[in-house]
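To start, the structure under review is shown below, and the notes come after it.
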Amino acid sequence: MKILVGKDGSLRVPEDKVDGFIFTEYVKRPIPIQAVQINEEFEVETLEGVMKGNAGDFLIIGIKGEPYPCKKEIFEESYMPFRDADIDVDVK
């Protein structure tokens, strides 16, 4: 089955496959990551191959040590500095 996601985040599932999908809401776990904003275009070798980042995007080091780029807008909507987070997390 092919599921496409539009630029607006909408799912485009073939009409005959929509029935039976029951979506549940989820929230990301509050897991600290490391990140740095890079002010020039960059490339990074990820688990999925080489990915490009634009000037202003963030380079994230994931929970398993994997690097990947993240668009500035998405990063700012999804993350905040750990010191500002109102969460109780065991930091390893």
Requested in this report: Report, by residue number, each residue of the range 22-39 that is touching a helix residue (DSSP H, G or I) at 6+ places or on another chain (Cβ under 9 Å) and surrounded by fewer than 10 Cβ atoms within 10 Å (Cβ to Cβ).
Outcome: 28
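Rundown of residues vs (1) modelled with pLDDT of 75 or more; (2) touching an Asp or Glu at 6+ places or on another chain (Cβ under 6 Å), yes/no style:
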position	(1), (2)
47	yes, yes
50	yes, yes
56	yes, no
60	yes, no
67	yes, no
70	yes, no
84	no, no
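Which of the residues spanning the range 67-82 are of a type in the set (Ser, Thr, Tyr) and surrounded by 14 or more Cβ atoms within 10 Å (Cβ to Cβ)?
Across the range 67-82, the qualifying residues are 68, 79.
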Requested in this report: Scan the range 47-61 and report the pairs whose first residue is on the phi > 0 side of the Ramachandran plot and loosely packed, with under 15 Cβ neighbours inside 10 Å and whose second residue is of a type outside the set (D, E, K, R) and part of a strand (DSSP E or B), with Cβ atoms within less than 8 Å and a gap of 6+ or a chain change.
Outcome: 56/37
Query raised in the report: Does at least one position in the range 69-81 carry a residue that is in contact with a helix residue (DSSP H, G or I) (Cβ under 8 Å, 6 or more places away or on another chain) and of a type outside the set (A, V, I, L, M, F, W, C)?
Result: no
Query raised in the report: Counting only residues that are out of contact with any Gly (no Cβ under 7 Å at 6 or more places or on another chain) and of a type in the set (Val, Ile, Thr), which one in the range 22-43 is modelled with the lowest pLDDT?
Result: 22
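The values are calculated or read from the model by the stated rules, or taken from the named source; none is laboratory data. Since we're looking at a predicted model, the values are computed, not measured. Methodologically, a virtual Cβ is constructed for each residue, glycine included, from the backbone with ideal geometry; neighbour enumeration extends over all protein chains shown.
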